[in-house]
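For reference, the structure is listed below as structure tokens.
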Amino acid sequence: MKFMNSNIEKYFTVIVPVFNDTERLKKCLKSLNNQTLEKSLFNIIVVNNNEEEFLDLDLQEYKNLKIIYEPEKGSYASRNKGITFSKTEILAFTDSDCLPDENWLINAKKYFDNDLNKEIGVLTGPVPLFFKQVGKLTSAELYEKYTGFDFKSYASEGACGAGNWFSYKAVLEEFGGFNSKLRSNGDTELSKKISRKYRIIYAEDIIVRHPARDSISSVVFKYQRLMGGVYQRKFKSKPLSFFVYLLNFILRRFKFMSKKIFTVSLKDSYAINMVCIAIIFGVSLEYFRLIFHFEPKR
């Protein structure tokens, strides 16, 4: 593959936004440090989104790591800052709580090596969950087990999550990068725009592992954050449509609860139902926060 810029020495830049998550970031960086792709072919940009947090990282351990700061709130603003500072033709994105497989980069490289006509818009793959104690799941982890990420379905719909994403820098710049005004759903918005012109490729060997949320409050927060993203992206000027969306969301949770009564053990069903009820309550509260113009959760 010919690079666009003769000064480019590396193949990938991996961009990792972080906000109050130093300990999990260290584990993510360890996974990146253990990549089978030789380190001369990639570098890492960590974008710190919290000026009050000092990232206690050993820069001697990560020779190809650069830390920059983004004052604007939100992971999408942080990713855009990483795009601006990157100097490679191909960019990779993951999150500070994720663990890329050791072959993540070397496997991605073969797809771009073979993309002679530059048809790839986004390359992605599976995002399996991992648990703190496999044999002793919390109620939240049980819920997550049955509702985990389905990046294959996302890709079939022309979408992708930013936890496992590769793109040409030129493609991202062509579409203006991520919408920094959003707190959630910005990756969906951008990938769907890209899919109208380029290919969204799902590959089984492009693997990034994500921790299952182990507390009900963290699961509720996830859905509140997602609700805020949907509101900003679709319903900010359509309150009635947003209310219909909320009702449909609640109905889907009740359908999910009903289905699990007959498909899992009584103990697991009870745990899942408790999480669903908490989600419904939390998302309903978030609905009122949003329509009264409170800032979406981040």
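In the list 93, 112, 85, 130, which residue meets the criterion of being of a type in the set (Phe, Trp, Tyr), surrounded by fewer than 23 Cβ atoms within 10 Å (Cβ to Cβ) and within 17 Å of the chain's Cα centre (by Cα)?
Sole residue among the options that is of a type in the set (Phe, Trp, Tyr), surrounded by fewer than 23 Cβ atoms within 10 Å (Cβ to Cβ) and within 17 Å of the chain's Cα centre (by Cα): 130.
Would you point out which residue out of 121, 163, 125, 74 is of a type in the set (Gly, Ala, Ser), buried (at least 22 other Cβ atoms within 10 Å of the Cβ) and under 22 Å from residue 30 (Cβ atoms)?
Values: 121 fails: under 22 Å from residue 30 (Cβ atoms); 163 fails: buried (at least 22 other Cβ atoms within 10 Å of the Cβ); 74 fails: under 22 Å from residue 30 (Cβ atoms).
None of the other options fit; the residue is 125.
Going residue by residue through segment 144-158, is there one that turns out to be assigned to a loop (DSSP other than H, G, I, E, B), among the aliphatic types (A, V, I, L, M) and in contact (Cβ under 8 Å) with a residue 40 or more places away in the chain?
First pass over segment 144-158, keeping only residues assigned to a loop (DSSP other than H, G, I, E, B): 148-150, 157-158.
Within this subset, residues satisfying the condition of being among the aliphatic types (A, V, I, L, M) are none.
So far as segment 144-158 goes, no, none of its residues is assigned to a loop (DSSP other than H, G, I, E, B), among the aliphatic types (A, V, I, L, M) and in contact (Cβ under 8 Å) with a residue 40 or more places away in the chain.
May I ask you to say which residue of 109, 136, 132 is among the charged types (D, E, K, R) and either assigned to a helix (DSSP H, G or I) or closer than 24 Å to residue 38 by Cα (or both)? Explain how you work it out, then say what you get.
Values: 136 fails: either assigned to a helix (DSSP H, G or I) or closer than 24 Å to residue 38 by Cα (or both); 132 fails: either assigned to a helix (DSSP H, G or I) or closer than 24 Å to residue 38 by Cα (or both).
Unique residue meeting the criteria: 109.
Only one residue in 37, 25, 32, 57 is free of Cβ contacts under 8 Å to residues at least 40 places away in the same chain and among the hydrophobic types (A, V, I, L, M, F, W, C), so which one is that? Even if it seems obvious, please write down each step before you answer.
Working: 37 fails: free of Cβ contacts under 8 Å to residues at least 40 places away in the same chain; 25 fails: free of Cβ contacts under 8 Å to residues at least 40 places away in the same chain; 32 fails: free of Cβ contacts under 8 Å to residues at least 40 places away in the same chain.
Just one listed residue meets the conditions, 57.
Within segment 141-157, is even one residue modelled with pLDDT of 95 or more, surrounded by 16 or more Cβ atoms within 10 Å (Cβ to Cβ), of a type in the set (Asp, Glu) and touching a strand residue (DSSP E or B) at 6+ places or on another chain (Cβ under 9 Å)?
yes
Condition first: assigned to a helix (DSSP H, G or I), aliphatic (A, V, I, L, M) and closer than 20 Å to residue 106 by Cα. Can you find one or more residues in segment 31-41 that meet it?
Looking for residues that are assigned to a helix (DSSP H, G or I), aliphatic (A, V, I, L, M) and closer than 20 Å to residue 106 by Cα, one finds at least one in segment 31-41, hence yes.
Could you check how many residues of segment 202-241 are over 18 Å from the mean Cα position of the chain (by Cα) and surrounded by 19 or more Cβ atoms within 10 Å (Cβ to Cβ)? Please lay out each step first, then the result.
Applying the first criterion (over 18 Å from the mean Cα position of the chain (by Cα)) to segment 202-241 yields 215-217, 231, 234-241.
Okay, now just the ones that are also surrounded by 19 or more Cβ atoms within 10 Å (Cβ to Cβ), so 216, 231, 235.
Adding up the residues that qualify gives 3.
The values are calculated or read from the model by the stated rules, or taken from the named source; none is laboratory data. Small disclaimer: the values here were computed from a predicted structure and weren't measured. Neighbour counts run over all protein chains shown; Cβ positions are idealised from the backbone, glycine included.
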